[in-house]
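Undergrad: The following block contains the structure, expressed as structure tokens.
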Amino acid sequence: MTHHADGEVLDEYLVSARSLAEYRAMFHLSDKDLTGRKILDCPGGAASFAAEASALGAEVTAIDPIYAAAPAELAARATPETERAVAWAHKHAERYRWDWYGGTAEHAAIRRGAAARFADDVRATPHRYLAGALPSLPCPDDAFDLALSSHLLFSYADRLDADFHLAALVELSRVSTVEARVYPLLDYTGAPLDDLVDHLRTELHDKGIETSLCRTGYEFHHGADTMLTLHAAA
């Protein structure tokens with residue numbers, strides 16, 4: 001595990017509660033993307049995306065290893081996990097841009113609201129939340145129109161190597177018929193990973209998976225304004 005310049009390492013994965021509004025911005029999601037589409041959110045964490053997007057007409061499946069727990073336990077864990085993630089961000093506030101949210105208080109409010117919506121939804125519709133993990137998902141080929149993956153790949157490059165990233169990206173491509181979108185392309189300290197991104201894009205091209213980089217309407221980490229898109233074969 002890599003120790004960074006400030007001497008602090010995030011030893012555990014954060015379970016974050018992000019909202020539909022954040023997903024729209026991170027992944028450049030249009031109304032069309034969210035209408036009548038089968039969408040994968042992996043890892044889903046404590047996000048309210050599955051609940052909110054499903055209410056708009058999408059058919060969302062969230063996959064995360066934490067979903068092996070019972071719905072009541074997941075609901076109970078949502079708030080403390082969200083508080084841990086919020087505390088980490090606020091402790092390292094200089095790493096982030098707060099303008100999209102308006103400030104740290106607004107950021108915390110959005111995340112707490114998303115966690116509450118997740119807790120309600122995982123109790124009410126547990127079938128939307130499947131236990132599983134990249135790079136081997138419990139889904140058939142082409143199960144989804146669109147796959148979304150945030151804050152796992154690249155974020156934890158200090159412990160997930162290039163081979164893991166490649167296998168995970170190939171898997172996201174396997175289960176999506178239109179596109180897979182990945183954000184951000186920095187690690188959790190905000191360090192750029194251009195060499196890793198370039199290497200993976202070359203490897204994916206060699207496997208017949210074309211990719212592109214797209215600017216997003218969201219930049220929380222300084223410089224995290226780009227997503228990686230994997231395109232389905234023509």
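The values are calculated or read from the model by the stated rules, or taken from the named source; none is laboratory data. Fair warning: this is a prediction, and the values are worked out from it, not measured in the lab. Please note: Cβ atoms are built from the backbone with ideal geometry, for glycine as well, and neighbour counts cover all protein chains shown. Each accessible area value is taken on the protein alone, full model and side chains, heavy atoms only, with ligands, DNA and RNA left out. Shrake-Rupley method; radii C 1.70, N 1.55, O 1.52, S 1.80 Å.
Undergrad: Run lengths n ≥ 4 of DSSP H only: what is the helix-derived mean residue ellipticity at 222 nm for the chain, with -39500 (n - 2.57) per run over all residues, to the nearest 500?
TA: Result for the chain, helices only: -11500 deg cm²/dmol.
Undergrad: With +1 on each Lys and Arg Cβ and -1 on each Asp and Glu Cβ, and nothing else charged, work out how big the dipole of region 82-234 is about its Cα centre, in Debye to the nearest 20.
TA: Here region 82-234 has a charge dipole of around 700 debye.
Undergrad: I want to verify the translational diffusion coefficient of the chain in µm²/s; compute it with Stokes-Einstein, Rh as the Kirkwood radius over Cα pairs, at 25 °C and 0.890 mPa s.
TA: 138
Undergrad: Over region 162-232, consider all pairs of different Cα atoms and compute the Kirkwood hydrodynamic radius from their mean reciprocal separation; express it in Å, one decimal.
TA: One decimal place: 12.5 Å for the Kirkwood radius.
Undergrad: What does the charge dipole of region 130-176 about its Cα centre add up to, to the nearest 20 debye, if the Cβ of each Lys and Arg holds +1 and the Cβ of each Asp and Glu holds -1?
TA: 100
Undergrad: Show me, bin by bin at 10 Å from 0, the whole-percent P(r) of region 108-234 based on Cα pairs.
TA: Taking every Cα pair in region 108-234, the percentages come to 12, 39, 35, 13, 1.
Undergrad: I want to verify a result. In a Gaussian network model of the chain, Cα cutoff 10 Å, which of these has the top mean-square fluctuation: F154, F164, F144?
TA: Result: F164 has the largest fluctuation of those listed.
Undergrad: Which helices count as membrane-span-like in the chain under these terms: full DSSP H, at least 27 Å along the axis by C-alpha, Kyte-Doolittle mean of -1.0 or more?
TA: Correct list, ordered by number: 71-91, 104-124.
Undergrad: Now for a separate question. Heavy atoms of the protein only, probe of 1.4 Å, neighbouring chains included. What is the accessible area of D163 in Å², nearest 10?
TA: Near enough 110 Å² of accessible area.
Undergrad: Using the alpha carbons of region 44-137, what is the convex hull volume per residue in cubic angstrom, as a whole number?
TA: 112
Undergrad: Over the chain, what is the relative contact order in percent, taking alpha-carbon pairs closer than 8 angstrom and at least six residues apart?
TA: 22
Undergrad: Can you list the aspartates and glutamates whose alpha carbon sits under 13 Å from that of K91, skipping same-chain ones fewer than 8 residues off?
TA: D6, E8, E83
Undergrad: For region 22-63, how big is the tail of P(r) above 13 Å, as a whole percent of Cα pairs?
TA: In whole percent, the long-distance tail amounts to 48.
Undergrad: At a 1.4 Å probe radius, carbon and sulfur cover how many percent of the accessible area of the chain?
TA: Of all accessible area on the chain, carbon and sulfur atoms account for 53 percent.
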